[in-house]
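Presented below is the structure to which this report refers.
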Amino acid sequence: MNVTRQWTRIRFYPNRMSSGLVHSAMRSVVEGWADVPPVRKREVYTDTLAVLLSFVLAAVLLAFVGKLLWNSVIVDLFEFAKPARSFWQILGLMVFVSLVRP
């Protein structure tokens, strides 16, 4: 009995970026241990690396843009807001908001 499987490519949804990252990582772990042809394993690892790099790049870009917007808009509009000293503060704020928001 010869069974063939249809392999699907990763679909990216902008509002579910972190779930795509987790899905890609788990998929590479599972297919790395499964009986999958080496060519397919390379594709899965390449997809996982691309998702990871795009996630990190997007987070860093958003943190820099967020710092610029925070210091130029929020600080001017609200008297109680203090300027952000580094993009790490904005990145931490992004993580905090994503944890608090349902």
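Read-outs throughout are calculated quantities, based only on the coordinates presented, and are distinct from any laboratory measurement. Note that the coordinates shown come from a computational prediction; the quantities given were computed from them, not determined experimentally. Note that we place each Cβ from the backbone using ideal geometry, even for glycine, and neighbour counts take in every protein chain shown.
Among residues that are without any contact (Cβ under 8 Å) to a residue 12 or more places away in the chain, more than 15 Å from the chain's Cα centre (by Cα), exposed (fewer than 11 other Cβ atoms within 10 Å of the Cβ) and in a helix (DSSP H, G or I), residue 39 is included. Residues in segment 44-85 that are part of a helix (DSSP H, G or I), of a type in the set (A, V, I, L, M, F, W, C) and in contact with a helix residue (DSSP H, G or I) (Cβ under 8 Å, 6 or more places away or on another chain): 44, 51, 52, 55, 58, 59, 60, 62, 63, 64, 70. Take segment 86-102 and flag every residue that is closer than 11 Å to residue 67 by Cα and exposed (fewer than 10 other Cβ atoms within 10 Å of the Cβ). Hits for segment 86-102: nothing passes. Scoring residue 51 on the criteria (1) surrounded by 13 or more Cβ atoms within 10 Å (Cβ to Cβ); (2) without any contact (Cβ under 8 Å) to a residue 40 or more places away in the chain; (3) under 19 Å from the mean Cα position of the chain (by Cα) leaves a single failure, condition (2).
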